[in-house]
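Report on one structure; see the data block that follows.
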Amino acid sequence: MKISGVVLAGGKSSRMGADKGMLDYKGKKLVSYAIELLEAYCDEIIISTNSPLYGQFGFKVIADSFLSKGPLSGIYEGLKFATNDKVLVLSCDMPNLNKEAIEVLIAEIDEKHDCFIPSVNSKFQPLFAVYNRRLLSAMEQHLLADKLKMMTFIEGVSSKIVSFDSLLESYPLLFQNCNRPEDLSLS
């Protein structure tokens, strides 16, 4: 199965105070963790951001056509430019995700559902998920109507929720986000 990878790097980074994808984390740019992880599973990588700085990584960089609409807009743009039907989306601020997490998620892909969303302790993780390009029209409708909450979108389409509770036992920081400067010192 061919999968496109989309790195979400276009957030406002208001809590971080700087473009978090470009900050150093354990010796390399935070966005590098997402790129390196996706490279092993995706035959193309797209970086969704409004910053031209991300061109240095050598992948297609796309800007939001729906400005200030949050992650739904970045996912929409990624789906729009992806060449494969299945699109693995990964936020740039989750450096502890690993190959096991990707493999668990990819193993759940089927043709009956349009998105595959990890769940940890009954909390959804829509910024590390697989979306089908069939969702483009539905996403566009949500964006035009200013329905921007990811959960509202996910609940309105054919979603498969994948429990990651057992994997979290082995990797307790798996879904740790780097949102604040102090998060960059977590291991």
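Every number here is computed from the coordinates shown, using simple stated rules; none is lab data. What you see is a predicted model, and the numbers here were worked out from it, not measured in a lab. FYI the Cβ positions are ideal-geometry reconstructions off the backbone, even for glycines, and counts take in every protein chain you see.
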Exercise. (1) surrounded by 18 or more Cβ atoms within 10 Å (Cβ to Cβ); (2) out of contact with any Lys or Arg (no Cβ under 9 Å at 6 or more places or on another chain): which one isn't true of Leu143, the others all being true?
Worked result: (2)
Exercise. Where in segment 70-187 are there helices (runs of 4 or more DSSP H), lying wholly inside it, with at least 2 residues that are of a type in the set (D, E, K, R), in contact with a strand residue (DSSP E or B) (Cβ under 9 Å, 6 or more places away or on another chain) and under 23 Å from Tyr41 (Cα atoms)?
Worked result: 71-81
Problem set entry | In segment 146-163, residue farthest from Lys69 (Cα to Cα) [restricted to those that are touching a helix residue (DSSP H, G or I) at 6+ places or on another chain (Cβ under 7 Å) and crowded, with 17+ Cβ neighbours inside 10 Å] | Val162
For this session: State all residues of segment 39-64 that are assigned to a loop (DSSP other than H, G, I, E, B) and touching a Ser or Thr at 6+ places or on another chain (Cβ under 8 Å); if no residue qualifies, say none.
Result: Cys42, Asp43, Ala63, Asp64
For this session: With the checklist (1) assigned to a strand (DSSP E or B); (2) over 22 Å from Leu173 (Cβ atoms); (3) under 12 Å from the mean Cα position of the chain (by Cα) in hand, flag the one item Val7 doesn't pass.
Result: (2)
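Taking segment 50-76 only, how many residues are charged (D, E, K, R) and either buried (at least 23 other Cβ atoms within 10 Å of the Cβ) or over 25 Å from Lys149 (Cα atoms) (or both)?
1
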